[in-house]
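The values are calculated or read from the model by the stated rules, or taken from the named source; none is laboratory data. All values reported here derive from a predicted model rather than from experimental measurement. With ideal geometry, Cβ positions are generated from the backbone for all residues, glycine too; neighbour counts draw on all protein chains shown.
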């Protein structure tokens, strides 16, 4: 293989690559040998078809397959030989090809710009600590109690009222006809919350255990079966039981039911949970402070193809009119993301930061623990989507970089209460496309520094 730099203009480099015909012929013979073991043709024993016969029948497709493989291998070698950092997807322009000929092609490459990092010593940012008031903890505790409400049987002659739990079987019909999902057994419904169908539970107010009750309700507009959407439906209900709320004592026993050691431990866990929720949002603000200063203090020439690719990724789920409306903002955000991604990646490489597979697995396990009842779904998502794991790895890499930067800058600590935290977060979340997205999407730009697959013009 022979590689030469044909031209270099700005961030674009064009390489001329020549693969001699002898190398191609060797690859062809290797492929023919592989096929000889597999191909079965009439008149020949399995594995005994002469290479010449195979070539006469499959020569064009074999050549095409061999050339594709050679292009992938040699283009990567050419890029590595010239020590180029590829931005986006290189393009191949075939100049000469065909059996018995050298393979000659040009490789058009948009390169990542060289990045010179400036010192972060003079950067400033605020690290928040949130003091959760006792009142907030007590309110959350009451909410937990309400969510985990216990019920006890009412007397058989007592009627159901709002706040009670009614357990019932039902059989539903539309215009006298049954449908899939028209029966339910042992349904539990807390009256007054309107969680089943609109107005349904209020029709159960006044029922008693053992009673039969006919109810009317309208099926939802988003019903899985379109023909049943917004249909008036009759429900024949058998009341199995009526229960009233049981007074819950907020004590050590209740705390143990919630997985805590005692009530003191439960309150401590609640405080940590609330504080963590605030800090997650506040850390985004701190991160944006840092990223704004990094971006402001560095100039980087960006390849247009990388900007275009980023915009395409950002807007792939938007309608054409939405893309056009936010065209200017989208381009601004794309440039910001790529620029910051390149700068952060350079800093990470300079400091030998890496994310191990064990760290990725640990983060996935953390997500699984945070989604009880959906563990299998989360695990399958990452197993079936390798790109999701790669994206997660990029996010963890970015977090490491930010944490290292925090240790190098003038980071002041400010203690605030929950009311102050909510005000700061609310101000930060005011509509501003560029502002709101910058602090959480740079990892996609970081991944742009990886060599992508090669495409032919």
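Overview of values
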quantity	calculated
Every residue from the stretch 62-90 that is outside any helix (DSSP H, G or I) and either out of contact with any strand residue (DSSP E or B) (no Cβ under 8 Å at 6 or more places or on another chain) or on the phi > 0 side of the Ramachandran plot (or both)	83, 88
Every residue from the stretch 1-34 that is in a helix (DSSP H, G or I) and either buried (at least 17 other Cβ atoms within 10 Å of the Cβ) or in contact with a strand residue (DSSP E or B) (Cβ under 9 Å, 6 or more places away or on another chain) (or both)	21, 23, 24, 27, 28, 31, 32
Residue in the stretch 200-212 that is modelled with pLDDT under 95, in contact with a helix residue (DSSP H, G or I) (Cβ under 6 Å, 6 or more places away or on another chain) and surrounded by 16 or more Cβ atoms within 10 Å (Cβ to Cβ) present	no
Filter result (farther than 30 Å from residue 291 by Cβ, surrounded by 13 or more Cβ atoms within 10 Å (Cβ to Cβ) and modelled with pLDDT of 90 or more) within the stretch 98-122	102, 103, 104, 105, 106, 107, 108
Segments classed as helices (runs of 4 or more DSSP H), wholly inside the stretch 277-379, with at least 3 members that are in the same structural domain as residue 392 (by TED's automatic domain parsing) and more than 18 Å from residue 392 (Cα to Cα)	304-315, 320-325, 327-350
Residue 215 being surrounded by 13 or more Cβ atoms within 10 Å (Cβ to Cβ) and within 30 Å of residue 123 (Cα to Cα)	no
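Let's see how each residue does on (1) under 16 Å from residue 254 (Cβ atoms); (2) surrounded by 12 or more Cβ atoms within 10 Å (Cβ to Cβ):
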| position | (1), (2) |
| --- | --- |
| 124 | no, no |
| 131 | no, yes |
| 134 | no, no |
| 138 | yes, yes |
| 143 | yes, no |
| 148 | yes, no |
| 157 | no, no |
